[in-house]
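Before any comments, here is the structure.
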């Protein structure tokens, strides 16, 4: 049951990565980021291949155990596989964890870069708006100081 839960978690992580990958296709990416995404895709393929291999080996081991239980001790075989380092899938998952953490850090760094760039642009726009406001006020103040040739009073109105 534990291996089933691990497989479910793996497929969920792959699903979330592919969802993020879809978001990345709409924006320009740096070469480093593209390379990292390629490494993650390669790691996912590697994990799927290793998982398939492990499932096949388990089926063969279970079949051998069921048919020749006096020759093979299934529990000892599993223990020995773990003892001598038959943890390819676990190692691949740890590598995927490392790569996706790096992906998150790169995405945060890129977000910071973009936000800083936008902030700089907003400051320039603010300076331009203030300059236009000052020029507009200077222009309007000229008209306020101009004396009227024909003063408007209630007696001069037509109507």
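Here, each number is a calculation from the coordinates, and none is a lab measurement. Remember, it's a predicted structure, so these values are computed and weren't measured experimentally. Positions of Cβ are backbone-derived with ideal geometry, glycine not excepted, and every protein chain shown enters the neighbour counts.
What is the mean projected area of the alpha carbon convex hull for segment 1-51, to one decimal in square nanometres?
On the way: hull surface 14.5 nm².
Result: 3.6 nm².
Please list 115-128, 34-47 highest first by mean number of surrounding beta-carbon atoms within 10 Å per residue. Mind showing how you got there, number by number?
On the way: 115-128: 10.0, 34-47: 15.4.
Output ranking for 115-128, 34-47: 34-47, 115-128.
Residue separation times 0.36 nm, minus the C-alpha to C-alpha distance between residue 53 and residue 102: what's the value? Show your work: numbers first, answer last.
On the way: separation 49, 0.36 × 49 = 17.64 nm, distance 2.75 nm.
Contour length minus the Cα-Cα distance gives 14.9 nm.
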